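The values are calculated or read from the model by the stated rules, or taken from the named source; none is laboratory data. Everything numeric here is computed off the predicted structure, so don't read it as measured data. Glycine gets a Cβ as well: all are built from the backbone with ideal geometry, and neighbour counts include every protein chain shown. What goes into the accessible areas is simple: the full protein's heavy atoms, side chains included, and nothing from ligands, DNA or RNA. Shrake-Rupley method; radii C 1.70, N 1.55, O 1.52, S 1.80 Å.
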Amino acid sequence: MHDDPNEFLVRTAAFVDEDKDAVYRAIHTRRDVRDQFLPDPLPDALVRRLLGAAHAAPSVGFMQPWNFLLIRSPETRVAVWEAFARANAEAEQMFPEERRGTYRALKLEGIRKAPLNICVTCDPDRAGPVVLGRTHDPRMDAFSTVCAIQNLWLAARAEGVGLGWVSIFHEAELKVILGIPDRVQIIGYLCLGFVDELYSAPELEVKGWRQRLALDDLIFEEHWGDQATEPVTPEAAADQALPGS
């Protein structure tokens, strides 16, 4: 504990335009990669940078509840893929029959194709039973871990690395395969690898699964359902668009 915490304050300012453009470009061109992975292994130094970006994420109460389980073994990845395939067959049957063909056409090959898989977990006990900021919402540790995944995702985009998030599996089955304790929650199973092609828009949008919602329809002012009286016009939005968005 320091008597004068203000001694750690440093001056700050907005980024220069080139740096701002790079940040927004990473945000707007990030994709959930399912099949475009190259086989080349990711260098250890690069993986370390990506994990460093993830570990720099904000966390409620500074609890840092995440762990990163790196999976490179083909045998382990096949076992995970088999668990995914079983769950994916179940998932297909949950959709209306007329959509199942489209669902089957989506290529979900990242687990076996990407050279690196990362299972990101959340340890609810990391900061003790009472955590600053989690006292009234126990989900805050999981939300914090998602922030770490987003950091990793944007850093990966900047490094030319594709990332896909696999969510179709039974958590208990995956925990057995990876030896994860019962009390630890799996937040994201990620597939990473170099890519030299990405879809120009989200793949599910390109393939007609869903379309991006209009931002103005999602913004309320002061009270739920009250929309702004002067939404941003398409022309103004175009003026503000950044390269790659």
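Among the residues of segment 112-121, are any among the hydroxyl-bearing types (Ser, Thr, Tyr), at negative phi and assigned to a helix (DSSP H, G or I)? No. Residues in segment 41-57 that are open to solvent by less than 30 Å² (accessible area, probe 1.4 Å), touching a strand residue (DSSP E or B) at 6+ places or on another chain (Cβ under 8 Å) and either assigned to a helix (DSSP H, G or I) or aromatic (Phe, Trp, Tyr) (or both): LEU46, VAL47, LEU50, ALA54. No other residue among LYS107, LYS113 is touching an Asp or Glu at 6+ places or on another chain (Cβ under 6 Å), open to solvent by 70 Å² or more (accessible area, probe 1.4 Å), among the charged types (D, E, K, R) and touching a residue at least 24 places away in the same chain (Cβ under 8 Å) apart from LYS107.
Candidates are the residues of segment 192-208 that are acidic (Asp, Glu) and more than 19 Å from ASN117 (Cα to Cα); the one that is least open to solvent (accessible area, probe 1.4 Å) is GLU203. Is at least one residue of segment 24-36 open to solvent by less than 40 Å² (accessible area, probe 1.4 Å) and within 30 Å of VAL131 (Cβ to Cβ)? No; the residues of segment 24-36 include none that is open to solvent by less than 40 Å² (accessible area, probe 1.4 Å) and within 30 Å of VAL131 (Cβ to Cβ).
Residues GLY179, GLY188: which one is out of contact with any Cys (no Cβ under 8 Å at 6 or more places or on another chain) and either among the aliphatic types (A, V, I, L, M) or at pLDDT 95 or above (or both)?
Values: GLY188 fails: out of contact with any Cys (no Cβ under 8 Å at 6 or more places or on another chain).
None of the other options fit; the residue is GLY179.
Restricting to segment 1-24, count the residues that are assigned to a helix (DSSP H, G or I) and either more than 14 Å from ASN151 (Cα to Cα) or at pLDDT below 95 (or both). I'd like the intermediate steps shown before the answer.
First, pick out the residues of segment 1-24 that are assigned to a helix (DSSP H, G or I): 5-8, 17-24.
Imposing the further condition that a residue be either more than 14 Å from ASN151 (Cα to Cα) or at pLDDT below 95 (or both) reduces the set to 5-8, 17-22.
Going through segment 1-24 one residue at a time, the tally reaches 10.
Do the conditions hold for ARG72, that is, is it in contact (Cβ under 8 Å) with a residue 24 or more places away in the chain, surrounded by 18 or more Cβ atoms within 10 Å (Cβ to Cβ) and closer than 27 Å to PRO124 by Cα? Quick ask: steps written out before the conclusion?
On the way: in contact (Cβ under 8 Å) with a residue 24 or more places away in the chain: yes; surrounded by 18 or more Cβ atoms within 10 Å (Cβ to Cβ): no; closer than 27 Å to PRO124 by Cα: yes.
Considered against the rule, which asks whether it is in contact (Cβ under 8 Å) with a residue 24 or more places away in the chain, surrounded by 18 or more Cβ atoms within 10 Å (Cβ to Cβ) and closer than 27 Å to PRO124 by Cα, ARG72 comes out as no.
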